[in-house]
Amino acid sequence: MDLKITLLGGDGIGPEVLAQSVKCLQAVEETFNHHFTYTEGLIGAVAMDKYGSPLPEETINLCKESDAILFGTIGTLKYDDNPSARVRPEQGLLQLRRELELFTNIRPVRIFPTLVAKSPLKKHVIFGTDFVIYRELTGGIYFGEKQWSEDGTYASDLCEYSEKEISRIAHLAFKAAKSRKKKLTLVDKANVLETSRLWRKVVTRIAESYPEVKLDFLFVDNAAMQMMLNPNQFDVILTENMFGDILSDQGSAICGSKGLLPSASIGAEHAMFEPFHGSYPQATGKDIANPVASILSTAMMLSHFGMHEESRAVVIAVHKSMRKNVVTKDLNANSRYGTSEVGAFIADNIIDSDENLNYNYENIGLGKSTII
Ligand code: IPM
Ligand code: MG
């Protein structure tokens, strides 16, 4: 298959982890005889420094012309520490989601069997956790009208949803539940918010078309608690933009590291794949960031285009890196492997996916990983 891929490294550790994803995709090309082309675009603080805008026109066009976008991370301390900055790097990502109408953000939360002990939750609680968050991505409080009073003593963010915005993601979430454990939990705050009451009304009606899926409801505060007490109860969580943002970080934390989980942002015409995690500015350039979330985002991309075997090969190689302890320091404080070595190991194991081959770990550090 031919694919035109736009690479948006963004800020912080984004470019470093994305480079590992490209290594893995090149291994997929080689192994499965595909042809991917890669074009880089600027977004976030790096784009602001160069063009004065977090999302230059050029980047939007590049994304619109490509089949898929791989996104790194966005945000820098310079802006995080300055609440009065009028233009912020994050606006680049938000505007891009909106421009491309990427209304569904799919965030799988799955515990890796080899990493159960890394979870802050007890083993028997976390073991077997496997759910997916369907987060609405282009509406709600993120995009409602924003205001500041002249004197800077009042601000407001409007939370709005329309039936159309809710129903298009709800259908996707029900379809996902149908092919999984057949349970959909709508997370909202319907005891307080009008928008949540609209979500309940629309989702309850749509549920009639999916009789095999059991629908239940949780208020978001309770859902956050349930995720800690019994994450195994969840299959598909459907929720609005802001609640999904918060719950997905919590979901990645219970899996042991924020550096592990991938996501896909899907619209009718475009698709973008990005890790859950943020830009981790403190780690920038240190070769310590975990590339797994970014690499697994490529696996989601491959599946999205029907390359299921290829996607599996990436996931198997990631599992192998964990089994063999070729991991970054967030997973093993004594690890001597950096971002690029872990990326190289995973890429090499896509090419040589024979599980029985022995790896020459000594050479990995030298950038010439070889099978012995
Ligand atoms: C995410 C991030 C973004 C969001 C930020 C960087 C704007 O936290 O993708 O979860 O809030 O959506
Ligand atoms: Mg977030």
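The values are calculated or read from the model by the stated rules, or taken from the named source; none is laboratory data. Just so we're clear, the structure is a prediction, and the values are computed from it rather than from any experiment. As a convention, Cβ positions derive from the backbone with ideal geometry for all residues, glycine included, and neighbour counts pool all protein chains shown. Please note that ligands, DNA and RNA were not included when accessible areas were found on the heavy atoms of the full protein model with its side chains. Shrake-Rupley method; radii C 1.70, N 1.55, O 1.52, S 1.80 Å.
A compact table of results
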{"read-out": "Largest to smallest principal axis extent of the C-alpha atoms in the chain, angstrom", "value": "62, 50, 40"}
{"read-out": "Equivalent ellipsoid dimensions for segment 96-186 as semi-axes, Å, which come from the Cα gyration tensor, largest first", "value": "34, 21, 11"}
{"read-out": "Burial ranking of peptide ranges 303-315, 69-81 (average Cβ count within 10 Å, highest at the top)", "value": "69-81, 303-315"}
{"read-out": "Residue-count net charge about residue 16 - beta-carbon cut-off 10 Å; Lys, Arg +1, Asp, Glu -1", "value": "0"}
{"read-out": "Estimated translational D of segment 111-266 in µm²/s (Stokes, Kirkwood radius over Cα pairs; 10 °C; 1.306 mPa s)", "value": "96 µm²/s"}
{"read-out": "Contact order normalised by residue count of segment 62-167, Cα under 8 Å, 6+ apart, percent", "value": "20 percent"}
{"read-out": "Helix-derived mean residue ellipticity, 222 nm - over the chain, DSSP H n ≥ 4, -39500 (n - 2.57), to 500", "value": "-12500 deg cm²/dmol"}
{"read-out": "Cα-projected label distance for residue 208 with residue 194, points at 7 Å along beta-carbon direction, nm", "value": "2.5 nm"}
{"read-out": "Value of relative contact order over the chain, rounded to a whole percent, pairs C-alpha under 8 Å and six or more apart", "value": "21 percent"}
{"read-out": "Helix axis angle, 89-99 relative to the chain longest principal axis, alpha carbon, degrees", "value": "70 degrees"}
{"read-out": "Dipole moment magnitude, nearest 20 debye, segment 111-266 about Cα centre, only Lys, Arg, Asp, Glu C-beta charged", "value": "1000 debye"}
{"read-out": "Accessible surface of segment 111-266, 1.4 Å probe, proportion on carbon and sulfur as whole %", "value": "58 percent"}
{"read-out": "Percent antiparallel among DSSP beta bridges (both partners in segment 111-266, rounded to 5)", "value": "20 percent"}
{"read-out": "Å² per residue, accessible surface of the chain at 1.4 Å", "value": "44 Å²"}
{"read-out": "Beta bridge orientation in the chain: antiparallel %, DSSP, nearest 5", "value": "40 percent"}
{"read-out": "Mean Cβ count within 10 Å, highest first, over the residues of peptides 100-109, 131-140", "value": "131-140, 100-109"}
{"read-out": "Computed Kirkwood radius, in angstrom, where 1/r is averaged over Cα pairs of segment 11-51", "value": "11.8 Å"}
{"read-out": "Listed residues 228, 149, 196: farthest to the positive end of the dipole of segment 111-266 (Cβ charges)", "value": "228"}
{"read-out": "Bridge type composition, segment 7-138 - antiparallel percent by DSSP, nearest 5", "value": "65 percent"}
{"read-out": "Relative contact order %, segment 111-266, counting alpha carbon pairs below 8 Å whose residues are six or more apart", "value": "36 percent"}
{"read-out": "At 1.567 mPa s and 4 °C, Stokes D of segment 3-123 from Kirkwood alpha-carbon radius, µm² per second", "value": "80 µm²/s"}
{"read-out": "Nearest-20 debye value, the chain charge dipole, Cβ charges on Lys, Arg, Asp, Glu", "value": "1320 debye"}
